[in-house]
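Have a look at the structure below before the remarks.
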Amino acid sequence: MLTIRRPLYLSRFKKHVTDTRKHLSEPDYVQASEEIWGALSSLVNAWSIVEVTSIAGKKEKFSDLCRLLSTKDPNLRQVMLGSHFDNAAHFASKTEGLHLYFFGKMDYPESFIKSTLEDGVRVLEEVEKVLLK
């Protein structure tokens, strides 16, 4: 069963998801890219006993969390695949790339950024649904 150990981070996750949607619609892809990373990071820390600070740790914990959530709702895996992510690790890696894009460390075509953000929001919306069940 999923236990939220740190509710403040769950609130942050929800705000980051909302802000990702908002910035995507503006469109402010740079800010949306940071918000989607913030959502992943906050979700991991809501579930973790101790704060996860490393990028590698966040990606690993996100994969673990998605495996757990997928047992609760198998549709999450289908949403992930339908949103062009092979698995949770792939989602986390692409989200990390968006985080790097925010800092100017990566340069992607706008069409890639837009589609990755849209796909990422679909996955996060499904994660949010599973969490609230």
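Numbers below:
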{"read-out": "Matching option when the condition is touching a Leu at 6+ places or on another chain (Cβ under 7 Å), crowded, with 16+ Cβ neighbours inside 10 Å and closer than 22 Å to LYS105 by Cβ, among LEU69, LEU76, LEU24, LEU40", "value": "LEU24"}
{"read-out": "Hits in the stretch 47-87 (condition: within 22 Å of PHE112 (Cβ to Cβ) and not charged (D, E, K, R))", "value": "ILE55, PHE62, VAL79, MET80, LEU81, GLY82, SER83, HIS84, PHE85, ASN87"}
{"read-out": "Breaking point among (1) touching a residue at least 40 places away in the same chain (Cβ under 8 Å); (2) part of a helix (DSSP H, G or I), for SER115", "value": "(1)"}
{"read-out": "Those residues of the stretch 65-94 which are under 13 Å from the mean Cα position of the chain (by Cα) and without any contact (Cβ under 8 Å) to a residue 12 or more places away in the chain, in sequence order", "value": "HIS90"}
{"read-out": "Whichever residue in the stretch 23-46 is polar (S, T, N, Q) and free of Cβ contacts under 8 Å to residues at least 60 places away in the same chain and, among such residues, is farthest from LEU10 (Cα to Cα)", "value": "SER25"}
{"read-out": "Criterion violated by ILE49 - all others in (1) within 18 Å of LYS14 (Cα to Cα); (2) surrounded by fewer than 17 Cβ atoms within 10 Å (Cβ to Cβ); (3) at pLDDT below 95; (4) not acidic (Asp, Glu) satisfied", "value": "(1)"}
{"read-out": "Matching residues in the stretch 122-133 - criterion: being in contact with a Lys or Arg (Cβ under 6 Å, 6 or more places away or on another chain) and either surrounded by 23 or more Cβ atoms within 10 Å (Cβ to Cβ) or over 20 Å from ARG5 (Cβ atoms) (or both)", "value": "none"}
{"read-out": "Filter pass, ASP19 being touching a helix residue (DSSP H, G or I) at 6+ places or on another chain (Cβ under 8 Å) and at negative phi", "value": "yes"}
{"read-out": "Per-region count, the stretch 52-66, residues within 15 Å of THR95 (Cβ to Cβ), surrounded by 13 or more Cβ atoms within 10 Å (Cβ to Cβ) and out of contact with any Asp or Glu (no Cβ under 7 Å at 6 or more places or on another chain)", "value": "9"}
{"read-out": "Residues that are among the β-branched types (Val, Ile, Thr), modelled with pLDDT under 95 and either out of contact with any Cys (no Cβ under 8 Å at 6 or more places or on another chain) or farther than 18 Å from ARG21 by Cβ (or both), drawn from the stretch 80-133", "value": "VAL130"}
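The values are calculated or read from the model by the stated rules, or taken from the named source; none is laboratory data. Keep in mind the model is a prediction, meaning the values are calculated, not measured. Reconstructed Cβ throughout: ideal geometry from the backbone, glycine too, with neighbour counts over all protein chains shown.
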